[in-house]
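There's a structure below that I have some questions on.
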């Protein structure tokens, strides 16, 4: 295979049970106990769960009602995004001591490109160890890390030895690592896609690799090409320090199901106001308004409309959302409404990179 494929040293750092761990750090009485962030009340949904709670099957996006059945001793704590943001900034300050190529994915995870780094350390694995140690010693939280030649493999690897561990996939180990990997561990393969792959006899990376590009395109649409390349170690996306926001949204879950559009107008007004505030704070505007509707039976529906101009004003966001609400009859009573704006004025078109096969011939210190 050709030796001109770009080999990078990428670290993916993922904070362990971040929201729950922050709560336990700030309140020592919660340490070692099963806690859930959010999810309180009769209709609450859990944002995060501590590892002690996860042993009982409690997890994010689960209703608080179900969680308490699984773990009767579960302790609910309120979300505190101001605190999470504060801690996240402290963690990122540590990252920037090593490289300016930091791409945050959320408050609790980020990619770092340390191919060339401020410490002059040739070992990405040692850098990851040092970063994790500093996070623990300076902040008091644990983090896990994945280290490899590209973002995809580093992301997969960071989940390998959680919590408080790390996994390095060296260049010469990449292909075997991917072949042995359970298909459910592939970043980008969700529960529904995994079930579909199982039905087609795809259980591991090796099974996926055996399928042709044409087969994957036919059965998995646009994602087929992505699966075809990543299972061969090909993922050319660079670490982008100024990650471009693709959308901005706000949503509300109601204490009681709403059965008429008329009752939803006041709720939409508040949601549109929040979206407008976030747009103006971020100094962005968008063209595509999407209304998210979650029904009482938990089925989800989205309705979208693209305008010929960028908007950020609450009045226009609200009117467009109203049009979408009355666009067709509701299928059931509604438990959640959300509004998002996409097709933002931050998006720019970039030329497609040429994808090349991976080479495992290079000697590279990880």
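Any read-out appearing in this document is the output of simple, stated calculations on the displayed coordinates, not a laboratory observation. Being a predicted model, the structure only gives us computed values, none of them experimental. Glycine gets a Cβ as well: all are built from the backbone with ideal geometry, and neighbour counts include every protein chain shown.
Distance in nm between label sites at residue 200 and residue 116, each 7 Å beyond Cα in the beta-carbon direction?
With each label placed 7 Å out from Cα toward Cβ, I get 4.2 nm.
Where in segment 211-237 does the amide nitrogen come within less than 19 Å of the point 7 Å from the Cα of residue 170, taken along Cα to Cβ?
The answer is 233, whose backbone nitrogens lie closer than 19 Å to the label point.
Could you tell me what a quarter of the Cα convex hull surface of segment 57-149 works out to, in nm² with one decimal place?
The Cα convex hull of segment 57-149, projected and averaged over all directions, gives 7.6 nm².
Treat the count of other C-beta atoms within 10 Å as a stand-in for reagent exposure and order 236, 299 from fewest to most.
299, 236
Then there is this: Hey, any idea what Rg/Rh is for segment 238-317, computing Rh the Kirkwood way over Cα pairs?
The Rg/Rh ratio comes out at 1.02.
Turning to a different aspect of this structure: Mind ordering 214-225, 14-25, 135-146 by average Cβ neighbours within 10 Å, highest first?
Highest-to-lowest ranking by the protection proxy: 14-25, 135-146, 214-225.
To continue, here is another question. Would you mind computing, in nm to one decimal, how far apart the modelled labels at residue 215 and residue 249 are, each placed 7 Å from Cα along Cα→Cβ?
Between residue 215 and residue 249, the label points sit 3.4 nm apart.
Can you tell which of 162, 281, 31 shows the greatest fluctuation in a Gaussian network model of the chain with Cα springs below 10 Å?
Maximum among the listed residues: 281.
At 0.36 nm per residue, minus the direct Cα-Cα distance, what do residue 33 and residue 105 gain on full extension? Give it in nm, one decimal, please.
Computed gain between residue 33 and residue 105 is 23.1 nm.
Let me see the pair-distance distribution of segment 19-79: every alpha carbon pair, 10 Å bin width, integer percents in order.
Taking every Cα pair in segment 19-79, the percentages come to 29, 59, 12.
If each DSSP helix of 4+ residues adds -39,500 (n - 2.57) and the sum is divided by the residues in the chain, what number results at 222 nm, nearest 500 deg cm²/dmol?
Per the formula, -10000 deg cm²/dmol.
Specify the angular offset, from 0 to 90 degrees and rounded to the nearest 10, of the alpha carbon long axis of helix 81-96 from the longest principal axis of the alpha carbons in the chain.
Once rounded, the angle reads 20 degrees.
Counting other C-beta atoms within 10 Å, which of 295, 111 has the fewest, and how do the rest follow?
295, 111
I've got another one for you. With the Cα gyration tensor of segment 174-230 in hand, give its eigenvalues times 5 under a square root as the equivalent ellipsoid semi-axes, listed largest first in whole angstrom.
Equivalent ellipsoid semi-axes, largest first: 15, 13, 10 Å.
Using 0.36 nm times the number of residues separating residue 298 and residue 89, minus their current alpha carbon distance, what extension gain do you get?
71.7 nm
Next question, about the same structure. For helix 261-282, what angle does its Cα long axis make with the longest principal axis of the chain, in degrees from 0 to 90 and rounded to 10?
It is inclined by approximately 40 degrees.
Further, regarding this structure: Which residue fluctuates the most in the chain, going by a Gaussian network model with Cα springs under 10 Å, if the choices are 262, 230, 169?
Comparing 262, 230, 169 in a Gaussian network model of the chain, the most mobile one is 262.
Looking at the P(r) of segment 116-264, how many percent of alpha-carbon pairs lie beyond 28 Å?
Beyond 28 Å sits 40 percent of the P(r) for segment 116-264.
Sticking with this one: Looking at the chain, send over the antiparallel percent of its DSSP beta bridges, to the nearest 5.
90 percent
Still on this structure, I have one more. Kindly put 159, 29 in sequence by how many other C-beta atoms sit within 10 Å of each C-beta, fewest to most.
Listed from fewest to most nearby Cβ atoms, that is 29, 159.
Let me check against my output: what whole-number percent is the relative contact order of the chain, with C-alpha pairs under 8 Å and at least 6 apart?
About 17 percent, as a whole number.
Turning to a different aspect of this structure: Please work out the Cα convex hull volume for the chain and give it in Å³ per residue.
Cα-based convex hull of the chain, divided per residue, equals 164 Å³.
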